[in-house]
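To start, the structure itself, in structure tokens.
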Amino acid sequence: MAIDAVIFDWGGTLTPWHDIELGEIWRAVCAAHLEPERVEEVATALLEAENELWRRQREEHRSATLEELFALAGVEPTEALLATKFEAWAPHTLIDPAAPPLLAALRERGIRVGVLSNTMWSRDWHERIFARDGVLDLLDGAVYSSEIPWTKPHPKAFRAAMDAVGADDPARCVFVGDRPFDDVHGAKSAGMRAVLVPNATVPAYADAAPDAVVTDLGDLLAHVDRWSA
């Protein structure tokens, strides 16, 4: 059966995983814009709000946005503060060097390429990252959970990603991600093939049964070619 589309997770997949102390990032962002005596209080409120929204995404599969995060923390962000937050994350958002040639090779085969990410960030922030690293023009569609009601592993999130790249049959789609529950179990439950990019910091999930495991994104193409043969 030919493969019509390959859809990728973002963090931990197209972008290699970074272990990050979120509290330190919030403190650095706040320190650049607030009086010293307010930094710890505001950074703590933002961290607690972010942790709560990630908990909701994990446990309830409901999406969230940065706007909701700041509202929950009781913080009114300035454009300058948001710009500092984006820049603070820049070293941790670099695309895997194997990704651009892989995406180009998939499209050369007539396979559509997409992204489905559980994220609070806006489309604009993601597209700035993808444009910076030379992959934006290699994507046929993308879905960010900040724009829809659900997060992975909800089947409607995967359906939205298929719609974004113009794919109709989940059996002819492949999802690639680093999370056994959200990505592998979610994609398989939606009827797609699933490829796991192992990530030792992500909890295992006993019922996740990937169709392939790749430690290097460049190894994916051989599996796609085999499934398309």
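Tabulated data
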| quantity | calculated |
| --- | --- |
| Charge dipole magnitude, Cβ of K and R +1, D and E -1 - the chain, Cα centre, debye nearest 20 | 800 |
| Folded to 0 to 90 degrees: helix 36-60 orientation relative to the chain principal axis, Cα | 30 |
| Cβ-based charge dipole, the chain, positive-most Cα from 126, 69, 171 | 171 |
| Semi-axis lengths, Å, the chain, gyration tensor of Cα atoms, sqrt of 5 times eigenvalues | 33, 18, 15 |
| Inter-label distance for residue 56 and residue 108, nm, one decimal - labels placed 7 Å from Cα along Cα-to-Cβ | 4.5 |
| Net dipole in debye of region 74-161 [+1 Lys, Arg Cβ; -1 Asp, Glu Cβ; about Cα centre; nearest 20] | 440 |
| Distance between region 164-225 and region 62-107 - C-alpha centres, whole angstrom | 22 |
| All Cα pairs of region 24-93, percent lying beyond 18 Å | 39 |
| Leading residue at positive end of dipole, region 90-229 (Cβ point charges), from 98, 224, 190 | 190 |
| Dimensions (Å) - region 88-163, Cα atoms, principal axes, largest first | 36, 32, 17 |
| Carbon + sulfur, % of accessible area of the chain - ligands and nucleic acids excluded, 1.4 Å | 53 |
| Sum of -39500 (n - 2.57) over DSSP H runs of 4+, divided by residues of the chain (222 nm, nearest 500) | -13000 deg cm²/dmol |
| Dipole moment magnitude, nearest 20 debye, region 1-126 about Cα centre, only Lys, Arg, Asp, Glu C-beta charged | 700 |
| Distribution of pairwise C-alpha distances over region 1-130, 10 Å bins, in % | 11, 37, 31, 15, 6, 1, 0 |
| Over 18 Å [Cα-Cα, region 154-229], rounded percent | 38 |
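The values are calculated or read from the model by the stated rules, or taken from the named source; none is laboratory data. This structure is a prediction, so every number in the text was calculated from the model and none was measured. As a convention, Cβ positions derive from the backbone with ideal geometry for all residues, glycine included, and neighbour counts pool all protein chains shown. The area values use the complete protein model at the heavy-atom level, side chains included, leaving out ligands, DNA and RNA. Shrake-Rupley method; radii C 1.70, N 1.55, O 1.52, S 1.80 Å.
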